[in-house]
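Before any comments, here is the structure.
Bear in mind that the values in this text are calculations on the coordinates, not laboratory data. What you see is a predicted model, and the numbers here were worked out from it, not measured in a lab. Cβ coordinates were reconstructed from backbone atoms using ideal geometry, including for glycine residues, and neighbour counts include every protein chain displayed.
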């Protein structure tokens with residue numbers, strides 16, 4: 001069964017949902033552990049936001065490459081690949097990481113977020129991926 005071009009894989013949807021739930025729960029836990037001080041929770045939420053931006057940036061780049069490759073898939077074997085947009089793609093790639101780095105700096109320096117909270121926030125998708133891997137392994141074992 002084929003999915004629509006814009007439709008996300010069900011595993012990716014679950015990972016996104018689980019990441020949001022983990023980040024939210026971790027932020028609430030940080031707020032409770034720090035007796036209402038917001039720097040830990042701010043760090044967690046900021047880390048999760050940085051990871052969400054990074055994911056969207058990477059996914060946008062991969063989607064663009066796939067669209068470009070599928071658009072040129074009808075060329076004759078050995079035909080040269082057009083090089084238009086290569087420099088612009090590189091500028092966008094580097095620019096995305098500059099924005100991510102700047103966001104990390106803003107969260108840590110001017111906003112004084114807790115670095116451990118930031119680490120916990122960027123780790124939420126890793127935990128969500130592990131949960132999804134166990135979920136898929138369990139399904140494969142039950143077949």
Quiz prompt | When the convex hull of its Cα atoms is projected in every direction, mean area for region 20-69 (nm²) | solution = 3.3
Exercise. Arrange the peptides 13-23, 30-40 so that the one whose residues have, on average, the most other Cβ atoms within 10 Å appears first.
Key: 13-23, 30-40
Quiz item: Could the peptides 126-136, 110-120 be put in order, highest first, of the mean number of other beta-carbon atoms found within 10 Å of their residues?
Solution: 110-120, 126-136
Exercise. Between residue 13 and residue 67, take the C-beta separation as r, use R0 = 22 Å, and let me know the FRET efficiency to the nearest 0.05.
Key: 0.60
